[in-house]
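First up is the structure itself, then whatever we jot down about it.
Please treat every number below as a calculation from the coordinates, not as lab data. Model, not experiment: these values are computed from the prediction. Glycine gets a Cβ as well: all are built from the backbone with ideal geometry, and neighbour counts include every protein chain shown.
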Amino acid sequence: MNELVRRGAGEIARAVRSGEVRAREVADAVLERVDAVDDRVGAYLTPLHELARAHADRVDRRLRDGEALPLAGVPLAIKDNMCVTGTRTTCASKILEDWVAPYTATAVARMLAAGCIPIGKTNLDEFAMGSSCENSALGVTRNPYDPSRVPGGSSGGSSAAVAACEAAIGLGSDTGGSIREPGAFCNLVGFKPTYGRISRYGLIAFASSLDQIGPLTRCVEDAALAYDVMAGYDPMDATSIDRPVEPAAPALRESLEGLRVGIVREFDTQKLGSELDGIYRQAYRDLQALGAELVDVALPTADYGLATYYLIAPAECSSNLARFDGVRYGLRVDADDVQAMYERTRAAGFGPEVKRRILIGTHALSSGYYDAYYVRAQKARTLIAGDFERAFERCDAIACPAASQAAFTFNAKSDPYSMYMMDYYTIPMSLAGLPALSVPCGWTTPPGGTLPMPLGLQLCAPLFAERLLLGAAHAYERSTQHARRHEPPVEAVSR
Amino acid sequence: MSSDTIDVRYVAKLARIALTDEEVERFGAQLADLLAHVDALAELDTNAVAATAQVVESRNVFRSDDPAPCLDRETVLSGAPQRQGGFFRVPRIIAE
């Protein structure tokens, strides 16, 4: 393996800018890596060899012309629910299997303008609905740390790509945990900024009041570099926030002196068993050792997050996915009348999880049920956001697990609700719109497994406090270095 | 809150998804299970609580109504499953 592929985004950009290595050499090394391992990992639905080489050559030309490129030559994996002009954009769904995007998402466009090289489009749970990538209609993605286990989801293709050194930055989208959980499962930093910080233009919508794009990276510095490039107002997204972005990369810290970190009373880690309880308690002690003051905080309605989310997200999904009707894009199954054409197209095009969510959302919005389900969930959302507001009067950031377990084996969560439970710790922050990330915090060998699997600590901060959040995560990462303890054994896995 | 069993055939009609009998049965059971879980929200006292649609900076967004470049017709139609000339082609909607 060419050592270039192991480097982080910051390291690569510095090397390419200084002339130590050309962007084209980085692209060739990473594409070679994809060719060598991706038949076993399955991170990419559509590798983009030609486009990647063309972009790399362009980056080398732009550097010669004197352009300053913060992410010069950084190999980028793009979740396949983000549009890139001229590339197949599938949402891992049969309904969009052959659809070619006619424009590029703002977040992707900003990364490419900053010098990134698009390596390919990555697998996901169909329309980003799931926590394991198993709901993809187009491919199987395996966890590079144990191929018998899932990479997490829904951004599991991007997390697997970065973990297997098939990219330095993976773009994900997070609606209820879809960046943070795969980040935790793949030994990465998975960062969801404040709702509205990064434009959703060109991100195919799932639940519009929750969806947020963010990076999956092998270190906090790389997450900050990606955030600094992508964050900021975009007139093409009416919900993007029009206020200045303070760059996070220059504010990465080495200490947590003066920081009050809230430990959530309701998130008692003893429920996770003694081994995980010990790992999370150690993580809290490590924060304290870095100078943080630990504060007991309460989120009394957080326990209702899952129920709230599984009304609001499906309701929004049933509305957003109405556009897939066999007329303007994607699949059509012909029929004599238009009603039958819609029904057959959507029956053939959507997988079971997408159908379930459309049905539950349609039910929750239907006449007679709207107040009992949808409006009540929106009110619960107010209560959950209020809990966080009160907690942040007593602390500057909150620490808790990113997920209740390490990556599980395929087909382990066949009951839909048991899969939904994987987002128990990440959903409350999504409902409140807060910036949150997962950062590696330890390893466990799950029952029945033989390989050590990573665990993630979730850190969460008030709205727009991304600098503080990334700064704190950096200090924790630097002092603990959990991510470096194990290499993904993907090389050793037999074909 | 109502925990009526969900009428899957009716909801599928509203959602424009044709379901097989097997799907009606399977989804019916799964969705009833999920609704039983979300019924927990009835425990919360939400009478005096305002509904939240969007958490960050709720405001109306206007833009000036000026012509600007957009995708050209050929590009847009190239993604359509069926077209006729410069139009999307659909089955007959209005009966003769």
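Some points to look at:
- Summing Cβ point charges (Lys, Arg +1; Asp, Glu -1) relative to the Cα centre of the protein assembly as shown gives a dipole of roughly 800 debye.
- DSSP beta bridges in the protein assembly as shown [antiparallel fraction, %, rounded to 5]: 65 percent
- Shown for the protein assembly as shown is the translational diffusion coefficient from the Stokes-Einstein equation, using the Kirkwood radius over Cα pairs, a temperature of 37 °C and a viscosity of 0.692 mPa s: 136 µm²/s.
- Mean per-residue shielding of peptide A:164-175 is 0, counting Cβ atoms of other chains within 10 Å of each Cβ.
- Cα gyration tensor, region A:67-223 - rounded (a/c under 1.5), prolate or oblate: rounded
- Each principal axis of the Cα atoms in region A:320-392 has its own extent, and those three values, largest first, are 56, 28, 21 angstrom.
- Calculated on alpha-carbon atoms, Rg and Dmax of region A:172-326 in Å: 18.0, 58
- Vicinal HN-Hα couplings computed from phi for region A:208-223 (Karplus, 6.51 cos²θ - 1.76 cosθ + 1.60; Hz; Gly/Pro x): 5, 7, 10, 4, 8, 7, x, x, 10, 9, 8, 7, 5, 4, 5, 5
- Residue ranges A:129-140, A:259-270, A:191-202 sort as A:191-202, A:129-140, A:259-270 when ordered by packing (mean number of other C-beta atoms within 10 Å per residue, highest first).
- For region A:411-495, Kirkwood radius (reciprocal of mean inverse C-alpha pair distance, Å): 15.4 Å
- Taking only the Cα atoms of region A:161-256, the ratio Rg/Rh comes out at 0.97, with Rh defined as the Kirkwood radius.
- Prolate/oblate/rounded label for chain B (Cα gyration tensor, a/c 1.5): oblate
- Tensor-based shape of region A:85-178 (alpha-carbon gyration tensor, a/c under 1.5 rounded, otherwise prolate or oblate): oblate
- Under the criterion of Cα pairs below 8 Å and six or more residues apart, the relative contact order for chain A equals 17 percent.
- Shielding of peptide A:322-330 by partners, expressed as the average count of other chain Cβ atoms within 10 Å per residue Cβ, is 4.
- For region A:242-283, radius of gyration divided by Kirkwood radius, i.e. Rg to Rh on alpha-carbons: 1.18
- Seen against the Cα atoms of chain B and their longest principal axis, helix B:21-38 is set at about 60 degrees.
- Options A:369, A:335, A:273, ranked by Cα towards positive dipole end of chain A, top entry (Cβ charges): A:335
- Across region A:274-406, the convex hull enclosing all Cα atoms gives 166 Å³ per residue.
- Charge dipole (debye, nearest 20) of region A:54-122; +1 at Cβ of Lys and Arg, -1 at Cβ of Asp and Glu: 80 debye
- Shape analysis of region A:217-266 based on the Cα gyration tensor places the equivalent ellipsoid semi-axes at 26, 17, 12 Å, largest first.
- In summary, the aspartates and glutamates within cross-link reach of residue A:192, defined as a Cα separation below 15 angstrom excluding same-chain residues under 8 places away, comprise A:174, A:181, A:211, A:221, A:222, A:228, A:423, A:466.
- The charge dipole of region A:210-268, taken about its Cα centre with unit charges on the Cβ of Lys, Arg, Asp and Glu (plus for the first two, minus for the last two), comes to roughly 160 debye.
- Mean-position separation - Cα centroids, region A:66-119 and region A:224-240, in angstrom: 15 Å
- Restraint check, A:355/B:13; A:121/A:355; A:94/A:355; A:94/A:121; A:355/A:413, Cα-Cα greater than 20 Å: A:121/A:355
- One Cα centroid belongs to region A:273-323, the other to region A:145-220; the line between them spans 16 Å.
- Chain A: calculated mean residue ellipticity at 222 nm from DSSP helix runs of at least 4, using -39500 (n - 2.57): -11000 deg cm²/dmol
- The largest-to-smallest principal axis extents of the Cα set in region A:28-148 are 45, 31, 22 Å.
- Mean separation of Cα pairs under 8 Å and 6 or more residues apart, divided by the residue count, gives chain B a relative contact order of 19 percent.
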